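Each remark here refers to the structure printed beneath this line.
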Amino acid sequence: MSPVSAERAERLVEAVGEAGLDQLIVGDLVRPGDSAPDASADIRWLTGFTGTSAIAMVGAETRLFLTDFRYTERAESEVGEAFERVTVEGRLLSEIAPRLAGRVGFDDSATSVANLRKLEAAIADGDGSAELVATSGLVAGLRRRKDASEQEAIAAAAKLADDAYRAGLEAGLIGRSERQVAQAAEARIRELGGEPAFPTIVAGGANGALPHAEASEREIRAGELVVWDMGARLGGYCSDCTRTFAAGEPGERARDVYELVRRAQAAGLEAVGAGVGGRDADEAARAIIREAGYDEAFGHGLGHGVGLEVHEPPRLGRRSEDVLEAGDVVSVEPGVYLPERFGVRIEDLVVITDDGHRNLSSLPKELLVVD
């Protein structure tokens, strides 16, 4: 196991003990054996394993990693010797049950009711005495603050996505469908060696008023604003960036709203730093939008954490209780959405530092008019 992974395991053991647990089950207990990248984030952070089938068990006396025969060789090359590696023939759930002892934590946000019942039944059938205890985010809490290598991985993903944006803009917007623009951008991300971190949003005109619009066959017309939200996944780590472009001259009203959002985003960026509450950062941007009379048109929070998942703690929003710490990587993305007219969102990805932040997004934020 690499020194980084060994250190992470020791930190988790400490957290398990502080939670009053003897063991913690780490992994996807919703679709064990067929996990998507986001569902595998805890396992990847803890062990370095990049496959779709794995569960780990961690405790003061336990370092156990289970996978199935499809990933035996990958586990040998990625997981390392600090974990006892076991290749199972049956289902992962039934294989971990006999190995559980004492108070055993499971992440209730990563566990289905059906699989919890199966695990309880397997423990009972084996005459086990393990007590399953619901926990929340023990691993995610450790994942939140990104070390230097993680920050650079996210920075590389952000740069890759920015390069894909530039290639897409060179091809133009007017007359192309939203889906054509999105698909070409995602193809460029893959050409550059990454994968899309999430389905790319390209939303022209009234579609831009839908914060999570899906790219459609609708043709982008001259005079429209286009909200374009995209991220790359590189080496497991994600980026997230939004820009709003003008497909030809958009008119004075659209320019005014764009400049309002740009000022709000600048205020949000100025506010973020270690020790700042997520609610306070949100208010710094929201106050500008509210004073301009558009408070009801900004319905989401200012931002969220980004890492192995594109949405992670901490949260920046009106109800956030999080306080930013050095090493957090967060988005700063205010928006104004006017139904049946247009939307504007501007999003940067930043690393929180002791004296402010480091911006990982390189695209300019002056309104760019694209043919």
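The values are calculated or read from the model by the stated rules, or taken from the named source; none is laboratory data. This structure is a prediction, so every number in the text was calculated from the model and none was measured. Counting neighbours? That spans all protein chains shown, and the Cβs are built from the backbone with ideal geometry, glycine included. The protein model used for the area step is the full one, side chains on, heavy atoms only, and it has no ligands, DNA or RNA in it. Shrake-Rupley method; radii C 1.70, N 1.55, O 1.52, S 1.80 Å.
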Report in % the part of the accessible area of the chain that belongs to carbon and sulfur, leaving out ligands and nucleic acids; probe 1.4 Å. 48
Does region 21-105 come out rounded, prolate or oblate by the C-alpha gyration tensor, with a ≥ b ≥ c the root eigenvalues, rounded set by a/c under 1.5 and, if not, prolate when a/b is larger than b/c and oblate if not? rounded
Below 8 Å between Cα atoms, with a sequence gap of 6+, how large is the relative contact order for the chain in percent? 14
Expected-Rg normalisation [2.2 N^0.38 Å, Cα atoms] applied to region 237-338: 1.10
Per residue of the chain, what 222 nm ellipticity follows from adding -39500 (n - 2.57) for every DSSP H run with n ≥ 4, rounded to the nearest 500? -10500 deg cm²/dmol
Protection proxy ranking, peptides 229-236, 217-224, average beta carbon neighbours within 10 Å, highest first: 229-236, 217-224
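At 1.4 Å probe size, with every protein chain present, just tell me what the per residue accessible area of region 313-370 comes to in Å².
Accessible area per residue, region 313-370: 42 Å².
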Residue-ordered couplings for region 22-36, obtained by feeding phi - 60° into the Karplus form 6.51 cos²θ - 1.76 cosθ + 1.60 and rounding to whole Hz (Gly and Pro as x), are 8, 9, 10, 8, 10, x, 7, 9, 9, 10, x, x, 8, 8, 6
Go through region 358-366 residue by residue and turn each phi into a ³J(HN,Hα) via Karplus (6.51, -1.76, 1.60, θ = phi - 60°); whole Hz please, and just put x for glycine and proline. 10, 7, 9, 9, 9, 6, x, 10, 5
Express the accessible area of region 20-91 per residue in Å², computed with a 1.4 Å probe while the remaining protein chains stay in the model. 45
Here region 317-329 yields Karplus 3J(HN,Hα) values (6.51, -1.76, 1.60; θ = phi - 60°; whole Hz; Gly and Pro given as x) of x, 5, 10, 5, 10, 6, 10, 5, 10, 4, x, 5, 10
